[in-house]
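One structure is given below, encoded as structure tokens.
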Amino acid sequence: MYLTQGAEATVKLEGNIVVKERIPKRYRIQVLDEKIRMERTRAEARLISETRRLGIPTPIIYDIQNFKIKMEYIVGEPLKNVMNPELSKRVGELTGLLHNGGVIHGDLTTSNLILKDNRIYFIDFGLAFMDRTVEAQGVDVHVLFQTFESTHENHEKLIESFCKGYRGKYKNADKVLKRVKDIEKRGRYA
């Protein structure tokens, strides 16, 4: 059963296992395309595992084969459906741990956060990478704040709660949150 079809990959359910497979890009030379897809698949699996080592719930990786990652299916509620200030604070704490470990999610939205058994799981690391710069971390947080603003009525309270949690777990939080404001200004005047 297909769960989703994106620009980069298909995600389907085989039993209780999620299979994410990067799809070929016909505009690339085949050898280059296969190399890129294989490298991105391995990098994504590495970043999921690294994030888990940082103490952040992620799907368990079962297998990696060329362009496929087989992983645990997290049966839970997307945070976009249940988001509240308490959960937002917890997302801030987890994001603080993530950034402290040098991982940038790349697509930090409430659709890529799943609530299961009172734990928040980070999923979909297809755009993730390692980076310890304030700019990259600021963009990561900015994407989440934009999601709050476009999807959730009480976005000011969610942002405030996130910031509280983020500051509690990440020593550079104030620098990153200042950069988020700079990024917002750049977007307005572009």
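The values are calculated or read from the model by the stated rules, or taken from the named source; none is laboratory data. This structure is a prediction, so every number in the text was calculated from the model and none was measured. All Cβ positions, even for glycine, are placed from backbone atoms using ideal geometry, and neighbour counts span all protein chains on display.
Considering only residues in region 91-108 that are hydrophobic (A, V, I, L, M, F, W, C) and out of contact with any His (no Cβ under 8 Å at 6 or more places or on another chain), the one that is surrounded by the most Cβ atoms within 10 Å (Cβ to Cβ) turns out to be V103. Has region 66-73 got any residue that is touching a residue at least 40 places away in the same chain (Cβ under 8 Å) and over 30 Å from V31 (Cβ atoms)? Checked region 66-73: at least one residue is touching a residue at least 40 places away in the same chain (Cβ under 8 Å) and over 30 Å from V31 (Cβ atoms). Kindly indicate whether any position in region 160-175 is in contact with a strand residue (DSSP E or B) (Cβ under 8 Å, 6 or more places away or on another chain) and of a type outside the set (F, W, Y). Among the residues of region 160-175, not one is in contact with a strand residue (DSSP E or B) (Cβ under 8 Å, 6 or more places away or on another chain) and of a type outside the set (F, W, Y), which makes the answer no.
Matching residues to (1) at pLDDT below 95; (2) outside the structural domain of T51 (by TED's automatic domain parsing); (3) of a type in the set (V, I, T); (4) in contact with a Pro (Cβ under 8 Å, 6 or more places away or on another chain):
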position: R90; (1), (2), (3), (4): no, yes, no, no
position: G96; (1), (2), (3), (4): no, yes, no, no
position: G101; (1), (2), (3), (4): no, yes, no, no
position: I104; (1), (2), (3), (4): no, yes, yes, no
position: S111; (1), (2), (3), (4): yes, yes, no, yes
position: D124; (1), (2), (3), (4): yes, yes, no, no
position: T151; (1), (2), (3), (4): yes, yes, yes, no
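Listed here are the residues, each with its yes/no results for (1) closer than 30 Å to E153 by Cβ; (2) assigned to a loop (DSSP other than H, G, I, E, B).
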| position | (1), (2) |
| --- | --- |
| V11 | yes, no |
| K25 | no, yes |
| D33 | no, no |
| E44 | no, no |
| L47 | no, no |
| T51 | yes, no |
| T58 | yes, yes |
| M71 | no, no |
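Before we move on, is G92 touching a residue at least 40 places away in the same chain (Cβ under 8 Å), out of contact with any strand residue (DSSP E or B) (no Cβ under 6 Å at 6 or more places or on another chain), closer than 22 Å to V11 by Cα and of a type outside the set (A, V, I, L, M, F, W, C)? Answer is no for this residue. In summary, no helices (runs of 4 or more DSSP H) completely within region 109-190 bear 3 or more residues that are among the basic types (K, R) and buried (at least 20 other Cβ atoms within 10 Å of the Cβ).
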